[in-house]
Amino acid sequence: MIIAAFDIATATGWCVGDVTRPDLPQLGMCVMPNTHEDIGPYLDFWDRWLGMQLEHWQVDRVIFEAPYIDAKRINATTTRKLMSLCSHLELLCHRAGLPVEEVMANTARASIGSGRFKKPDVMAAAKRCGLKPACYDESDAWAVWVCALKEHAPEMQPHWDGLLSRGLV
């Protein structure tokens, strides 16, 4: 079962892999264009990129981290863009007949150690498992992917728990 996991933001981290195999998943990032206040071209870019990727990856399921909106730090346009990216992801999955799930950040982080993990902790956990995330967005997407793995391929959980515990004894 191939699952695509996303940490959706202006720089969207992604993680794709077969959760039923012990292979390391692929990591990457999609950097959204700067369209200032104009949301149409922003979503057009996302639509084209995401549609292409979902087809290329041939995923069976999609999971994404629930957006966190800090009203003190994020303006209205950024909020609209973030929510639109999530909504559009769900729309594309619906059209493709793909199941899609949303998970809270602390739930994803708990799947790799602790819901109280901060971004550096998630990055360190990914590296302990043999991954080479280039940024926090990629390691956060990986935590979302592991969360999906534990739900949809629980037989693989001991494998990942073993990797996660490396270097902690």
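The values are calculated or read from the model by the stated rules, or taken from the named source; none is laboratory data. Since the structure is predicted, the reported quantities are computational estimates derived from the model, not experimental observations. All Cβ positions, glycine included, derive from the backbone under ideal geometry; neighbour counts span all protein chains shown. Remember, those area values only see protein heavy atoms, side chains included, never the ligands or the DNA or RNA. Shrake-Rupley method; radii C 1.70, N 1.55, O 1.52, S 1.80 Å.
Got a number for residues in the stretch 3-54 being touching a residue at least 40 places away in the same chain (Cβ under 8 Å), of a type in the set (Val, Ile, Thr) and part of a loop (DSSP other than H, G, I, E, B)?
4
Residue-wise test of (1) at pLDDT below 95; (2) more than 25 Å from Lys132 (Cβ to Cβ); (3) open to solvent by less than 70 Å² (accessible area, probe 1.4 Å).
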| residue | (1), (2), (3) |
| --- | --- |
| Ala9 | yes, no, yes |
| Asp18 | no, no, yes |
| Leu27 | no, no, yes |
| Leu50 | no, no, yes |
| Ile69 | yes, yes, yes |
| Arg73 | yes, yes, no |
| Thr79 | yes, yes, yes |
| Met104 | no, yes, no |
| Thr107 | no, no, yes |
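Here is a check on your reading of the model: is His94 surrounded by 13 or more Cβ atoms within 10 Å (Cβ to Cβ) and either out of contact with any strand residue (DSSP E or B) (no Cβ under 6 Å at 6 or more places or on another chain) or not basic (Lys, Arg) (or both)? Write out each step before concluding.
Details: surrounded by 13 or more Cβ atoms within 10 Å (Cβ to Cβ): no; either out of contact with any strand residue (DSSP E or B) (no Cβ under 6 Å at 6 or more places or on another chain) or not basic (Lys, Arg) (or both): yes.
Criteria not met by His94.
State whether one or more residues within the stretch 64-86 are under 21 Å from Asp44 (Cα atoms), touching a Leu at 6+ places or on another chain (Cβ under 6 Å) and part of a helix (DSSP H, G or I).
Checking the stretch 64-86: at least one residue is under 21 Å from Asp44 (Cα atoms), touching a Leu at 6+ places or on another chain (Cβ under 6 Å) and part of a helix (DSSP H, G or I).
If only one of Glu65, Glu90, Glu55 is out of contact with any helix residue (DSSP H, G or I) (no Cβ under 9 Å at 6 or more places or on another chain), within 23 Å of Leu149 (Cα to Cα) and among the acidic types (Asp, Glu), which one is it?
Glu90
How many of the residues in the stretch 136-169 are surrounded by fewer than 23 Cβ atoms within 10 Å (Cβ to Cβ) and acidic (Asp, Glu)?
3
Identify the single condition in (1) open to solvent by less than 30 Å² (accessible area, probe 1.4 Å); (2) part of a strand (DSSP E or B) that Val59 does not satisfy, given that it satisfies every other one.
(2)
Could you grab me the full set of residues in the stretch 112-129 that are open to solvent by less than 50 Å² (accessible area, probe 1.4 Å) and either in contact with a Leu (Cβ under 8 Å, 6 or more places away or on another chain) or part of a helix (DSSP H, G or I) (or both)?
Ile112, Val122, Met123, Ala124, Ala125, Ala126, Cys129
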